[in-house]
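Report on the structure given below.
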Amino acid sequence: MRRLIDLPHATFRDQPASRLVRGDFSARWVVYGWRVRLVLVAAAFFFARELRAEEPARPEFAAVAQAVADRLASRQDYQPGDLLSQRHVAGAVEAVAGIGWAVPDAEKIVARALADDSFLVRELSRPAGRKFMRKIARHTGAYARLDRLSSISRGETLIRDLVRQKDGDKLIEYLATTPGGRNLGNMMAGTRGGGDLNKPTDRIYTADDLVATLEKLYKIQTP
C-alpha cells in the first residue's frame with residue numbers, strides 16, 4: 001500500500017513542467033496585482049487627506065458679512081441702504097473671495113442687481129436722486145416698487161417728477177406702508193402696460209439683500 005504521505009509528491013511529480021510554471025507564474029501575478037491595488041488605494045487615501053488638510057478653512061459667515069460691508073463702505077458717499085448696481089455687487093463678491101470663500105454662482109448673483117446703466121441707477125446717482133433714495137430706503141420693498149413702477153407706461157417720467165418734487169418720496173412711502181397703497185399697487189396690474197407693484201422682483205437692491213442671499217448659499221453649501 002502506498003503511503004498517504006507520498007500521494008501529494010507523486011501527484012506533483014506527475015504534472016507537466018509547463019503547467020507548473022504557468023500556474024506558479026499566474027499565482028505570483030495575482031498576488032502582485034493585489035499588492036499594487038492596495039498600494040494605490042492607500043496612496044490615494046493619504047493624498048486626498050493631505051489635499052483636504054491643505055485647503056483653507058471657509059471663513060465664518062460673520063466675516064463674510066463684514067467683508068461685504070467693508071467693500072461697500074469704501075465707496076465714496078456710500079450709506080447703508082443705498083441702491084447697489086452690478087459693479088458694486090461684483091466688488092463685494094470679490095472681497096468675499098479675498099477672505100477665502102469663493103461664492104458659488106457669483107455671476108448669477110451679480111446679474112440679479114440692476115445694471116450699471118439702468119434708469120434707476122442713473123437717476124438715483126444724481127444729487128436729487130440720492131436724497132430721494134435715502135428717504136425711501138427705510139421702507140421695506142420701496143426699491144422693488146420703484147423698480148416695477150419704472151417699467152410701466154410713463155413710469156420713468158413719473159419717477160423723475162417724484163425725485164424732483166419736495167415730498168415726492170411720500171408716494172413711495174404710501175405704496176410701501178399702507179393698505180391703501182398696497183391696494184393701489186395691485187390695481188396697477190390691471191392698467192394698460194402696468195404691473196403689480198407689490199410683486200417681489202428677486203432683485204438684489206441693497207447690502208442687506210446681498211448678505212441675505214449669500215447667507216442662504218453659505219448654509220446650503222457643504223463646507
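Please compute the contact order of segment 134-206 in relative form: average sequence separation of alpha-carbon pairs under 8 Å and at least six residues apart, divided by the residue count, as a percent.
35 percent
Please give every one of the lysines within straight-line cross-link reach of LYS170, meaning a C-alpha to C-alpha distance under 28 Å, and leave out same-chain neighbours fewer than 8 residues apart.
LYS131, LYS135, LYS199
If you take the square roots of the eigenvalues of the alpha-carbon gyration tensor of segment 61-220 and sort them as a ≥ b ≥ c, do you get rounded (a/c under 1.5), prolate (a/b over b/c) or oblate?
Prolate, because a/c is 1.5 or more and a/b exceeds b/c.
In debye, nearest 20: dipole of segment 61-220 around its Cα centre with unit charges on the Cβ of K, R (+) and D, E (-)?
So the dipole magnitude of segment 61-220 works out to roughly 520 debye.
Got the relative contact order for segment 61-220 handy, in percent, Cα pairs under 8 Å and 6 or more residues apart?
With pairs under 8 Å counted, the relative contact order is 27 percent.
Taking K and R as +1 and D and E as -1, what net charge do the other residues with C-beta under 15 Å from the C-beta of GLY190 add up to?
Value of the local net charge: +3.
Given R₀ = 25 Å, FRET efficiency for LYS216-TYR78 by Cβ-Cβ distance, to 0.05?
Working: r = 24 Å, r/R0 = 0.96.
That gives a FRET efficiency of 0.55.
Can you tell me how segment 122-174 classifies by the Cα gyration tensor, rounded, prolate or oblate, using a/c under 1.5 as the rounded cut?
rounded
No lab work stands behind these numbers, since they all come straight from the coordinates. Predicted model only: the values in this text are computed from it and were never measured. Quick reminder, even Gly has a Cβ in these numbers, built from the backbone with ideal geometry, and neighbours come from all protein chains shown.
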